[in-house]
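Laboratory data are not the source of any read-out in this text; all were calculated from the coordinates shown. Note that the coordinates shown come from a computational prediction; the quantities given were computed from them, not determined experimentally. Counting neighbours? That spans all protein chains shown, and the Cβs are built from the backbone with ideal geometry, glycine included.
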Ligand SMILES: [Zn+2]
């Protein structure tokens, strides 16, 4: 009997150990993190004017918004660290350095991995308390098959936004707004009042299915609620920098919100019928939208699983 118990204990130990090894092991090629990281070193950084002194840089994970003026530059999101030289060149082409502020829309690595170098270049980093917490610790995202390590000390935001806050930078009123739990539980977004530009982080993926971080406070209903709140604040002429995808309009944000609501209702109806997650995926509840939104790292099946898992 004793021998059996020992064997059982050993098996449990191996299982526990196996979990630890799996989390520390290199992520599989199917991980979206691996795909996005692999694309970045060779990607060109594209600069797209938004309006007035604002521009969007794309090609380094999540999109980066830049406000350039006489006082220096303010960035929203930092992209991936590997793109440092190219992003610095793009910033220099936009105007006068130094970097003064960096606002992180949320904790995800494709928006915060560049934090340490942006801070080294002079920026004070602004974020929610949730972002500070998650970039300071190890965070596992099973949906991405990836374990994120804490950022080095210089990359941790030092200015914490606990309620909506307005900054004044180089003639622009910069409104930092907290979102309800939605894409994650760490999201904020930024409205540049005079320029009539909004930088929404991953609350808006223009023309592609979004990732929603169910494991870290996100969920489909929260995403819809956050986008409703944003739509209520923006006027029709606003220029929008999304977290992923090209520069967008309010109409495109509305279409994205309506797509989320439609897929949510389809998935919820199938789930209510007692269908398993695999059966719901097989029923293709996103089919109507796949041509338009299904051509990025979050494919229709993956998006369906995310919506299913996020339903309360
Ligand atoms: Zn994200």
Exercise. Mind giving me the nanometre distance, one decimal, between the label points for residue 273 and residue 290, set 7 Å out from Cα along Cα→Cβ?
Key: 1.7 nm
Practice problem: Once you have a ≥ b ≥ c as the square roots of the Cα gyration tensor eigenvalues for the chain, tell me rounded if a/c is under 1.5, and otherwise prolate or oblate according to whether a/b is larger than b/c. | Solution: oblate
Quiz item: Using a Förster distance of 30 Å, how high is the FRET efficiency between residue 312 and residue 165, based on the Cβ-Cβ distance and rounded to 0.05?
Solution: 0.50
Exercise. Return one number: the angle in degrees, 0 to 90 and rounded to the nearest 10, between the long axis of the Cα atoms of helix 250-272 and the longest principal axis of the Cα atoms of the chain.
Key: 10 degrees
Practice problem: Could you check which residue among 195, 85, 40 shows the biggest mean-square fluctuation in a GNM of the chain with a 10 Å Cα cutoff? | Solution: 85
Practice problem: Show that you can apply the helix-only estimate: for the chain, add -39,500 (n - 2.57) for every DSSP H stretch of four or more residues, divide by all residues, and state [θ] at 222 nm to the nearest 500. | Solution: -11500 deg cm²/dmol
Exercise. Calculate, in nm to one decimal, what residue 51 and residue 258 gain on full extension: separation in residues at 0.36 nm each, minus their alpha carbon distance.
Key: 71.9 nm
Quiz item: Given a Förster distance of 30 angstrom, what is the FRET efficiency for residue 138 paired with residue 229, based on the Cβ-Cβ distance and rounded to 0.05?
Solution: 0.45
Exercise. With a cut-off of 13 Å, note down the residues of region 104-123 whose backbone N falls inside the zone around a label point 7 Å from the Cα of residue 173 toward its beta carbon.
Key: none
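Please list 209-220, 243-254, 28-39 highest first by mean number of surrounding beta-carbon atoms within 10 Å per residue. Mind showing how you got there, number by number?
Values: 209-220: 23.2, 243-254: 18.3, 28-39: 14.4.
Top of the packing list down: 209-220, 243-254, 28-39.
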Practice problem: Give the percent of DSSP beta bridges with both residues in region 168-261 that are antiparallel, rounded to the nearest 5. | Solution: 75 percent
Exercise. Decide, for region 26-165, between rounded, prolate and oblate: order the square roots of the alpha carbon gyration tensor eigenvalues as a ≥ b ≥ c, take rounded if a/c falls under 1.5, and otherwise choose prolate if a/b is larger than b/c, else oblate.
Key: oblate
Practice problem: Enter the Cα centre distance for the pair region 279-312 and region 223-244, rounded to the nearest angstrom. | Solution: 22 Å
Quiz item: GNM on the chain, C-alpha springs below 10 Å: top fluctuator among 196, 180, 42?
Solution: 42
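Rounded to the nearest 0.05, what FRET efficiency do residue 301 and residue 129 give with R0 = 35 Å and r taken as the Cβ-Cβ distance? Could you check?
Values: r = 34 Å, r/R0 = 0.98.
Given R0 = 35 Å and the Cβ-Cβ separation, E is 0.55.
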Exercise. Among DSSP beta bridges lying fully in the chain, give the percent that are antiparallel, nearest 5.
Key: 70 percent
